């Protein structure tokens, strides 16, 4: 008997972003508007690491977010293609979980605690100030990509209330002045630019 | 059978049914919002809760399998109380604007609330943000009214296999959204409307439909699949369309054309309502008497071979029977043909030579039984969408799809092998497949020996076609040829599906015969799930061919050159008949220019847009001394006529249509004809009578009786049987015969299957320095043919408003055009200007233009060179030049 061939193959030169796909594995994630090279790099490894079954959905989403910092649409398309599913279906799964982000996070992340202790000690006002200063709602990122603002229900350090976390560093007993200093440090475009240059 | 007791009443259901099915069998109403018999049970709405003796709690009836001896209670105070609170939770964020809601009266939520006696909203309203998506011209989305039952999401995934929409986020933020949350029009949605049909509330509503007073089932007027539509009417206006779930072919499924494009044209104000007679400055309205008088006076001059008739693949079998009888008996010539010449004449000729019958060998449901489906030259999901769904169903179940198509059509996304051959190289790759099959010992020697003849010649010819040589000719890598051959030949059951990508070539008959060779070589024919399956393009193109609207055959393919057949028809019709096979449409038009054809009678066709090299077609029609056009609109062709006669549309007539699977389907009129429009066969009878050949029938059924008396393959397809719901595929030679869904089972219609060696010949027009690009033409999902019907639908027009040319990104870059820029496409015959759609759907060096749009008519460019046997023009290949159009191009279309 001849070996049954199940590998997906095609002679097409360039691929189009996948709409659907009831089967199929392997294959490249072609796209008309060139896909994000970071996604391509991640997917090249991920497609060998994860089996093309629906049970790989969440592990693959986690892997993509770890590698890329969030879930770009190209990554969701790639996962859908790998799993033989539709991108909307994979997105439906991902969007159910709070752990997944769909927007590129800012270079800095500010988290304001909205727990009871922090709130009564002015956490709410801190959040209002931040929203006014940065002109974004919680969960969003400033247009220049500098800062992502988040809130958390309780950080668990109520003795230090109100808490503001900047890039993983916990700041306790924050008042308006301290907050401004913090944000200034985070959002200073000069500093970011210099760092970019140094890295280039 | 399982025996249950529902509210004390005994009921029996089949194993596998649910408690909900049992409740319905017992006629006990159980409110549900998320159940649909065509979808898997889901259990989301929690309204169909019941009590089952011995089971704890209140299980949902839709997800609980029925079991023997179950005692079920569907309603008591406690159940109703829980249901009421569930409803209150649903109503807490639902607008109570029932009076102005499109779904009112047909709303599942409303029905359930009424049943539960809910009179007020008791919970604090928590209205969702208005999220109205107005992007789709066929249906409206108002997410405020969504109850998250999941019916739309499941229909999209389970029925359409698309997954264009999904339930996203959770809790209060839950919503149904396409990928990325953008407007639905930018998603992969195919606008089939399966979601709209199932939505229980006003969240998804069809824009151009109203609740009907009455619904009548008829056959869809578009492609040859033969789906049945329930047309809803108010008086004589068609106001809605939905799938007929009792229909065996489509089982309730419809595509965007059937659902949103099948009714507006029927009641269009542009419909022809009176006969028109040409005057010096246009047309004037005339009475039937006057128009028929003019026609009789003129046509008398052209009896014999200076007259020609074009029948129609859009009208019934009865209309076509009467048409060819009119041409043959009243006008005394066999010059009768129709647009099948332009789509599948290569099939009719090719398969008749190979197998003895030129039609689809297996029914479309057989695709679900195939292990491997080889699709070539058919963009099935766009042009035969419901058969396309059957292919998707099959792939979902594990069948493997092998696709040979120059374009990256949607099927390429689910194909195991997709090979992109250069247009016009089909014989080469098919011979290549056979070469590999023979080399690897995968041929079915037993089948070849017992069922076929002429194999040796084919064996000799294909020996040259090694995968490497084939790769040179076709551009398909050798390894794909090998893989495709192995997949097809080693399958238990493999089916070939093809369409105009195979037939519309100067090598059309060769292509068809090559596919027939391939099927016979492997014995993939004559069994369920196998066969050679040409998909016919129009709703009655099979029937029009069967009725003898072809120049060389009477009904049922009885040859006019055969003296026995001729004598039979001469006797039946009481007139001497010509023994000379007539001219094809592709011959009649050039002969009109030469003055050999002087008068034409065209019924329901628009050759000015549909035929190749249309500048030439217009010239031919203008050269005629007399032209009669019988149609429902004043088409581009009708505008050239001397007399125009108003006919009925599909919704206004009765009669039979034969779909692509040879299934004969009976229809009834849905509404009355507008103005003075008459049925086609009635008009023809009057014309014939006025010409001195009396034709009278009491009814359409009487026409059918006469037709069956002279047509052995249709003899058993009586109105009585069809009306009783029998599903009959011809040949059906007697009233007792069950019909023949699968052809060539024990032996081929011609006895032994005839192998025919075919060598590859290049297309008639090859690319050269001045015309370096290959143009291929075709259709698209949202439009149909020359647009006479489909372009009158607001929905379809909104989805596909105008012409475009698909250009590969590399070619676009070369001439510096971006997506949407105007380009000029020029062939040796003409030139058109239209916007470019840049992408990778076509390969570099290939262009695709749909032929629906008069503004930039693809057939200005196409080559009328035709196949020597079938005389089908080469619509699929011509050499063109692609240029950037001057920015100030004022006119959209012009000729050179």
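The values are calculated or read from the model by the stated rules, or taken from the named source; none is laboratory data. Model, not experiment: these values are computed from the prediction. Every residue, glycine as well, gets a Cβ built from its backbone with ideal geometry; the counts of neighbours run over all protein chains shown.
When residue B:447 is tested against (1) buried (at least 24 other Cβ atoms within 10 Å of the Cβ); (2) touching a residue at least 24 places away in the same chain (Cβ under 8 Å), only condition (1) is not met. Entry remark, segment B:591-613: residues being touching a strand residue (DSSP E or B) at 6+ places or on another chain (Cβ under 9 Å) and either assigned to a loop (DSSP other than H, G, I, E, B) or at pLDDT below 95 (or both) number 9 in total.
So, residue B:524, is that one within 20 Å of the chain's Cα centre (by Cα) and either buried (at least 24 other Cβ atoms within 10 Å of the Cβ) or assigned by TED's automatic domain parsing to the domain that holds residue B:867 (or both) or not? Taking the combined requirement at face value, the residue does not satisfy it. When segment B:455-484 is filtered for residues that are in a helix (DSSP H, G or I), surrounded by 23 or more Cβ atoms within 10 Å (Cβ to Cβ) and away from every other protein chain (no Cβ under 14 Å), the ones remaining, listed by number, are B:458, B:462.
Considered as a group, the residues in segment B:839-855 that are part of a loop (DSSP other than H, G, I, E, B) and over 19 Å from residue B:770 (Cα atoms) include one that is nearest to the other protein chains (Cβ to nearest Cβ), and that residue is B:840. Can you pull out the residues in segment B:439-454 that are assigned to a helix (DSSP H, G or I) and away from chain A (no Cβ under 14 Å)? Across segment B:439-454, the qualifying residues are B:445, B:446, B:447, B:448, B:449, B:450, B:451. The conditions of being surrounded by fewer than 24 Cβ atoms within 10 Å (Cβ to Cβ) and closer than 19 Å to residue B:103 by Cβ are not met by residue B:170. Screening B:763, B:836 for residues that are within 14 Å of chain A (Cβ to nearest Cβ), over 30 Å from residue B:651 (Cβ atoms), surrounded by 20 or more Cβ atoms within 10 Å (Cβ to Cβ) and under 29 Å from the mean Cα position of the chain (by Cα) leaves exactly one candidate, B:836.
Yes/no matrix, rows are residues, columns are (1) part of a loop (DSSP other than H, G, I, E, B); (2) within 14 Å of chain A (Cβ to nearest Cβ):
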residue	(1), (2)
B:180	no, yes
B:192	yes, yes
B:197	no, no
B:202	yes, no
B:218	no, no
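Would you please name the residue that is nearest to the other protein chains (Cβ to nearest Cβ), looking only at residues in segment B:485-509 that are in contact with a helix residue (DSSP H, G or I) (Cβ under 8 Å, 6 or more places away or on another chain) and surrounded by fewer than 24 Cβ atoms within 10 Å (Cβ to Cβ)? Here the answer is B:486. Contact map, segment B:92-105: residues that are on the phi > 0 side of the Ramachandran plot paired with residues that are surrounded by fewer than 17 Cβ atoms within 10 Å (Cβ to Cβ), Cβ distance under 8 Å, separation 6+ or inter-chain. Pairs shown: B:105/B:211. Only a single criterion out of (1) surrounded by fewer than 14 Cβ atoms within 10 Å (Cβ to Cβ); (2) in contact (Cβ under 8 Å) with a residue 12 or more places away in the chain; (3) more than 30 Å from residue B:3 (Cα to Cα); (4) over 37 Å from the mean Cα position of the chain (by Cα) is not satisfied by residue B:76, namely (3).
Given the criteria assigned to a helix (DSSP H, G or I) and crowded, with 17+ Cβ neighbours inside 10 Å, does residue B:20 qualify?
Numbers: assigned to a helix (DSSP H, G or I): yes; crowded, with 17+ Cβ neighbours inside 10 Å: yes.
Yes; evaluated as a whole, the condition is true for this residue.
Could you please let me know if residue A:154 is touching a strand residue (DSSP E or B) at 6+ places or on another chain (Cβ under 9 Å), outside the structural domain of residue A:39 (by TED's automatic domain parsing) and crowded, with 23+ Cβ neighbours inside 10 Å? The answer is no for residue A:154. Mind listing whichever residues of segment B:257-269 are within 17 Å of residue B:780 (Cβ to Cβ) and in contact with a helix residue (DSSP H, G or I) (Cβ under 7 Å, 6 or more places away or on another chain)? Selection gives B:257, B:260, B:261.
Residues in segment B:404-432 that are in contact with a strand residue (DSSP E or B) (Cβ under 9 Å, 6 or more places away or on another chain) and away from chain A (no Cβ under 12 Å): B:423, B:424, B:426, B:430.
With respect to (1) modelled with pLDDT under 90; (2) crowded, with 23+ Cβ neighbours inside 10 Å, the lone exception for residue B:887 is condition (2).
Within segment B:257-272, the set of residues being in a loop (DSSP other than H, G, I, E, B) and touching a residue at least 40 places away in the same chain (Cβ under 8 Å) comprises B:261, B:262, B:263, B:264, B:265, B:266, B:267, B:268, B:270, B:271, B:272.
Can you confirm whether segment B:436-454 contains a residue that is modelled with pLDDT under 95 and more than 22 Å from the chain's Cα centre (by Cα)? There is no residue in segment B:436-454 that is modelled with pLDDT under 95 and more than 22 Å from the chain's Cα centre (by Cα).
Checking residue B:396 against (1) at pLDDT 95 or above; (2) facing chain A (nearest Cβ under 10 Å), only one condition comes out false. Which one? Unmet condition: (1).
Those residues that are surrounded by fewer than 19 Cβ atoms within 10 Å (Cβ to Cβ) and either within 14 Å of chain B (Cβ to nearest Cβ) or under 23 Å from residue A:148 (Cβ atoms) (or both), I need them from segment A:110-120; list them, please.
Once the filter is applied, which keeps residues that are surrounded by fewer than 19 Cβ atoms within 10 Å (Cβ to Cβ) and either within 14 Å of chain B (Cβ to nearest Cβ) or under 23 Å from residue A:148 (Cβ atoms) (or both), segment A:110-120 yields only A:119.
Of the numbered conditions (1) under 24 Å from residue B:301 (Cβ atoms); (2) assigned to a loop (DSSP other than H, G, I, E, B); (3) touching a strand residue (DSSP E or B) at 6+ places or on another chain (Cβ under 9 Å), residue B:578 fails exactly one; give the number of that condition. Single failed check for residue B:578: (3).
Segment A:1-109 holds helices (runs of 4 or more DSSP H) entirely within its bounds, and those carrying 3 or more residues that are within 14 Å of chain B (Cβ to nearest Cβ) and either at pLDDT 90 or above or touching a strand residue (DSSP E or B) at 6+ places or on another chain (Cβ under 7 Å) (or both) map to A:73-83, A:87-96. When we screen B:231, B:254 for residues that are crowded, with 24+ Cβ neighbours inside 10 Å and part of a loop (DSSP other than H, G, I, E, B), the only hit is B:254.
If a residue has to be closer than 13 Å to residue B:786 by Cα and either modelled with pLDDT of 95 or more or assigned to a strand (DSSP E or B) (or both) to count, how many in segment B:614-634 make the cut? Qualifying residue count for the region: 2.
Every residue, every condition in (1) surrounded by 24 or more Cβ atoms within 10 Å (Cβ to Cβ); (2) part of a loop (DSSP other than H, G, I, E, B); (3) out of contact with any strand residue (DSSP E or B) (no Cβ under 6 Å at 6 or more places or on another chain), yes or no:
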| site | (1), (2), (3) |
| --- | --- |
| B:539 | yes, yes, no |
| B:542 | yes, no, no |
| B:545 | yes, no, yes |
| B:548 | yes, yes, yes |
| B:556 | no, no, yes |
| B:561 | no, yes, yes |
| B:564 | no, no, yes |
| B:570 | no, no, yes |
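Among strands (runs of 3 or more DSSP E) entirely within segment B:718-829, having at least 3 residues that are within 25 Å of residue B:388 (Cβ to Cβ) singles out B:773-778, B:805-808.
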